[in-house]
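Novice: Supplied in structure tokens, the structure appears directly below.
The values are calculated or read from the model by the stated rules, or taken from the named source; none is laboratory data. The shown structure was predicted, so the numbers you read here are calculated from the model rather than taken from an experiment. In this analysis, Cβ positions are derived from the backbone assuming ideal geometry, glycine residues included, and neighbour counts consider all displayed protein chains. These area figures cover heavy atoms from the full protein model, side chains too; ligands, DNA and RNA do not enter into them. Shrake-Rupley method; radii C 1.70, N 1.55, O 1.52, S 1.80 Å.
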Amino acid sequence: MRELATFEERLSAWTTETMAELFSLDETAGNLGVTPTNNEKFGDYQCNAAMELARTLKTAPRQIAQDFIDKAIVPEFIEKMEIAGPGFINIFIRNAALAEYLESIEQDEHLGVPQAGEGKTVIIDYSSPNVAKPMHIGHIRSTVIGNAIDRIYRFLGYHVIADNHLGDWGTQFGLMMVGFRSFVDKHALAEAPVEELERVYVASYNKSKEDESWREEAKKELVKLQQGDEENLALWKQFIELSIEEFNIIYDRLGVKFDLYRGESFYNKQLPGIIQALEEKGLAKESDGALIVDLEEDGMPICIVRKSDGGYNYATTDLATVQSRMAEFQPERIVYVTDERQQLHFKQFFTIAGKLGMNANLVHVWFGLMRLPEATFSTREGNVIKLAQLLDDAEERALEMVKASSPEMPAEEQKELARAIGIGAIKYTDLSQNPQSLVTFTWEKALNMEGNSAPYLQYAFARISSVYDKYHVLYPETDLSDCSINIEHEIERRLAIKLGRFSAAVIAAASNYRPNILADYLYELSQIYSSFYQNVPFLKAEEGTRESRIRICRITASVLKQGLNLLGIETPDRI
Ligand code: ARG
């Protein structure tokens, strides 16, 4: 067992082993481990093994539970065990053991979170916008959710490669080329390049809807580009550079960094090889001039891998991308973060990758679309609320809040604080809900100081830090590390139990690709902290108790700070 194993890990190992031994069973006879309880009346952890084993052992569950309690050799850290209901075994942890565990995680730079990913590489493909189009709000979820997953995996010790798979190739460039040559306003391009590119694209797209020859022209320019025409290539590169410049401004604001910016075009040379492999394995066949993979057997529609005009498809590029990533990085898994509309695409190419023997562990993390009350988002029609605008609005609204709550703060500081709060609020709205649910964004919720929001958690953190600072002013000489933690009060105990579950929350968020598990944990933690704060004296407590409480307070601050950092949310020291 690892050094800083949680009570859950230690208990599960113990109950599993003991059950198996006492009843001469295989350890895989059922789920014999423990789970955290939701109500402290029922102990800290519960074991449901008695119900799992009733049938195999032909014994009533309560009897099994009783036998277990009577015969097991109980570890030191358990205070007591009780049987409840049909045969639940409720387990209570000793206060001294809780205190000891808190002290040990405080010393650990990962706060007790195991380095489970050591030596393993994970590629996370996220954000991945399309060039020559501004990033709009629909991209925010991929960027924010993907980045949180990225941070969580890094914290678990994985070697993470964050890869921005830009949509820098495809039929839209035909329309871009002809549109650019006819409609571009050089002045506007210099002023606001990507906005102008978007305007050009929308104009060209609209024209293509009515004008057949325009469509043909666009197709011709696209083919020229694909064949390496120098003039078109230069123009295309310009679109990419201008776009990346603008994306990077957004990424900087969001605190998001990529290790790679490999767009689809990076894999162009490999595409014929993929087609060849598909043909050699007998996986692809001609259909109306196109080349398709029939996936009927797998319960999916056909997947086109080469169009009748010779162009390759999204799936073909993604297959080449897997091949390239496997060869270059040998990742343990590749995670893709996109909206729900791409589910079929990923299922299809994952299946084909399997048939090609690529032997890759591929995961699609999808999320529902975000709704704003004002509008829904469509990229094509030009009717979009832009991400940069949304971030500006968030900062502005946060600034009003800061000005109202801290009027005496210097203006520069107010602005900086508002930035952290505004950006945090946007991110947290996204991260605090199950990614697969439909998110309706409202400013009231995002900036609610009382509810489950970033400002609430940031405020909780600042308040906790200030308690510690006050203590330090009053007792500058005391080294808290020399003072022991004592769990006395019931609420103190609840807080200690919760702090001990940080590691489980991080692991669950990672393995389910759901940062909201961590967000929920942090919200619950700060709620428990807040009743701790309201119900027991800190600075006014007597010596010893005071130091212990301040130490618990400091650990809570560390866990909140680290947890919010894993969600990409900053924690200013004062709010
Ligand atoms: N560029 C695509 C889009 O904006 C997302 C790409 C996701 N990654 C991938 N490997 N297919 O919809």
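Novice: Using +1 at the C-beta of Lys and Arg and -1 at the C-beta of Asp and Glu, which of 265, 235, 247 has the Cα lying farthest in the positive direction of the dipole of the range 174-273?
Specialist: The residue sitting farthest along the positive end of the dipole is 265.
Novice: In addition: Please compute the net charge surrounding residue 313, taking Lys and Arg as +1 and Asp and Glu as -1 over other residues with Cβ under 11 Å from its Cβ.
Specialist: Net of charged neighbours comes to 0.
Novice: Let me ask another. In terms of modelled amide H atoms, which long-range or inter-chain residues lie less than 5 Å from the amide H of residue 162?
Specialist: Those qualifying (amide H under 5 Å, at least 5 residues apart or on another chain) are 124, 259, 260.
Novice: Across the range 562-567, in residue order, what do the Karplus-derived ³J(HN,Hα) couplings come to in whole Hz, using 6.51 cos²θ - 1.76 cosθ + 1.60 with θ = phi - 60° and x for Gly and Pro?
Specialist: 5, x, 5, 4, 5, 8
Novice: What's the carbon and sulfur percent of the range 167-316's accessible surface, probe 1.4 angstrom, rounded to a whole number?
Specialist: 48 percent
Novice: For the range 54-123, what does the accessible surface come to per residue with a 1.4 Å probe? Please give it in Å².
Specialist: 52 Å²
Novice: OK, next. So with the 1.4 Å probe, I'd like the accessible area per residue for the range 256-319, rounded to whole Å².
Specialist: 54 Å²
Novice: Here's another thing I want to ask about it. Residue 531 to residue 79: extension gain in nm, 0.36 nm per residue of separation minus the Cα-Cα distance?
Specialist: 160.3 nm
Novice: Quick one: net charge around residue 96, please, counting Lys, Arg +1 and Asp, Glu -1 for every other residue with C-beta under 12 Å from its C-beta.
Specialist: -3
Novice: Is the range 433-571 rounded, prolate or oblate when judged by the Cα gyration tensor, a ≥ b ≥ c being the square roots of its eigenvalues, rounded requiring a/c under 1.5 and prolate requiring a/b larger than b/c?
Specialist: prolate
Novice: So, one more: Cα centroids of the range 293-313 and the range 449-488: how far apart, whole angstrom?
Specialist: About 58 Å separates the Cα centre of the range 293-313 from the one of the range 449-488.
Novice: Can you tell me how the range 183-292 classifies by the Cα gyration tensor, rounded, prolate or oblate, using a/c under 1.5 as the rounded cut?
Specialist: Oblate, since a/c reaches 1.5 and b/c is not below a/b.
Novice: Now, a different point. Provide the net charge surrounding residue 288, with neighbours chosen by a C-beta distance below 13 Å and charges set as Lys +1, Arg +1, Asp -1, Glu -1.
Specialist: Surrounding charge for residue 288 is +1.
Novice: How about the range 101-174: which GluC sites (Glu not before Pro) there are in a DSSP loop, with at most 12 other Cβ atoms within 10 Å of their Cβ?
Specialist: Passing sites in the range 101-174 are 109, 118.
Novice: Could you check the spin-label model distance between residue 171 and residue 440? Points 7 Å from the Cα along Cα→Cβ, value in nm.
Specialist: Using points 7 Å along Cα→Cβ, the separation is 3.6 nm.
Novice: Here is a further query. Contact order normalised by length for the range 128-217, with contacts defined as Cα pairs under 8 Å and 6 or more residues apart; what percent is it?
Specialist: Worked out over the range 128-217, it gives 33 percent.
Novice: Given a Förster radius of 41 Å and the C-beta distance between residue 483 and residue 252 as r, what FRET efficiency does 1/(1 + (r/R0)^6) yield to the nearest 0.05?
Specialist: With R0 = 41 Å, the Cβ-Cβ based efficiency is 0.45.
Novice: Rounded, prolate or oblate: which fits the range 1-86, taking a ≥ b ≥ c as square roots of the Cα gyration tensor eigenvalues, rounded meaning a/c under 1.5, else prolate when a/b beats b/c?
Specialist: Oblate.
Novice: Determine the calculated [θ] at 222 nm for the chain from helices alone, applying -39500 (n - 2.57) to every DSSP H run no shorter than 4 residues and normalising by the residue count; nearest 500 deg cm²/dmol.
Specialist: Helix-only estimate at 222 nm: -17500 deg cm²/dmol.
Novice: Additional query: Past 24 Å, Cα to Cα, is the threshold; run 427/470; 386/427; 186/427; 257/307; 219/257; 281/347 against it and keep the listed order.
Specialist: Too far apart for the 24 Å limit: 427/470; 186/427; 257/307; 219/257.
Novice: For the pair residue 302 and residue 403, how long in nm is the line joining their label points, each one 7 Å along Cα→Cβ?
Specialist: Distance between label points: 6.2 nm.
Novice: Need the full-extension length gain, residue 449 to residue 187, defined as separation in residues times 0.36 nm minus the C-alpha distance. One decimal, nm.
Specialist: 89.9 nm
Novice: Considering only protein heavy atoms and a 1.4 Å probe, what is the carbon-and-sulfur percentage of the accessible area of the range 1-143?
Specialist: 47 percent
Novice: Continuing with the same structure: Which whole number of Å³ per residue matches the convex hull of the alpha-carbon atoms in the chain?
Specialist: It is 190 Å³ per residue.
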